[in-house]
Each structure stands twice: as C-alpha cells, then as structure tokens.
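Okay, so here's the structure we're looking at.
The values are calculated or read from the model by the stated rules, or taken from the named source; none is laboratory data. Note that the structure is predicted; figures quoted are calculated from it, not measured. Heads up, the Cβs are rebuilt from the backbone with ideal geometry, glycines too, and the neighbour counts pull from every protein chain shown. The area values use the complete protein model at the heavy-atom level, side chains included, leaving out ligands, DNA and RNA. Shrake-Rupley method; radii C 1.70, N 1.55, O 1.52, S 1.80 Å.
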Amino acid sequence: MDKSKRPFLKSKRSFRRRLPPIGSGDQIDYRNMSLISRFISEQGKILSRRVNRLTLKQQRLITIAIKQARILSSLPFLNNEKQFERAESIARTTGFRTKIK
C-alpha cells in the first residue's frame, strides 16, 4: 500500500525513555521520608501510578509505606496548612468583639 493511501496512520517516533523514579538501591520503607515525600501531592494525597511512573509492585509498596508513616505520625493524613492559615485569618477579622464600657 502506498504512503499517500494511509493518511490516518501515526508516524513512528522514538521516545526517550525516562529513568525510573526509584533506583535499585532505594529501599521502600516507612522510615525513608525523602523517598516517600516524592509520591505525595501538596494536599497530602498519594499520587497515582501513572503520574509516579512506577510498576504495580512499587506502587503497592509505596502506598503501604505511606499509610504506615501516617499511622505512626511521621506523616500527616492531610496537609491543610493553607486552609488552617486562611481559617485563622478569617477568625481574627470576624472574631468576637468585646464591648468596652
């Protein structure tokens, strides 16, 4: 078949392979906070496997390690510092006003 007859076929491009986010020497453990913190969003949620570029086994181990760290209070369940600051500033401005007699 001629190339002009195949208008809808994608061209074959070579993609540069990305390096895996977890090296062979890295140990997935709840105490390894530098590794675990890379797989948590700003809000404290566990990022998906597609975003992390992990294998299924690695994602399971990361999830277990994050949950263990949360239970042992090494990691917060929610990262709501901004919400807390905003709520605190609203409370200051609309707080109870005492009448001075």
Q.
I need the full set of residues from the stretch 38-51 which are closer than 21 Å to S74 by Cα and open to solvent by 70 Å² or more (accessible area, probe 1.4 Å), in order please.
A. R38, E42, Q43, K45
Q: Mind counting the residues in the stretch 52-77 that are in contact with a helix residue (DSSP H, G or I) (Cβ under 6 Å, 6 or more places away or on another chain) and either loosely packed, with under 12 Cβ neighbours inside 10 Å or hydroxyl-bearing (S, T, Y) (or both)?
A: 1
Q: Inspect the stretch 19-35 for any residue being over 30 Å from L78 (Cβ atoms), out of contact with any strand residue (DSSP E or B) (no Cβ under 9 Å at 6 or more places or on another chain) and modelled with pLDDT under 75 and give the result as yes or no.
A: yes
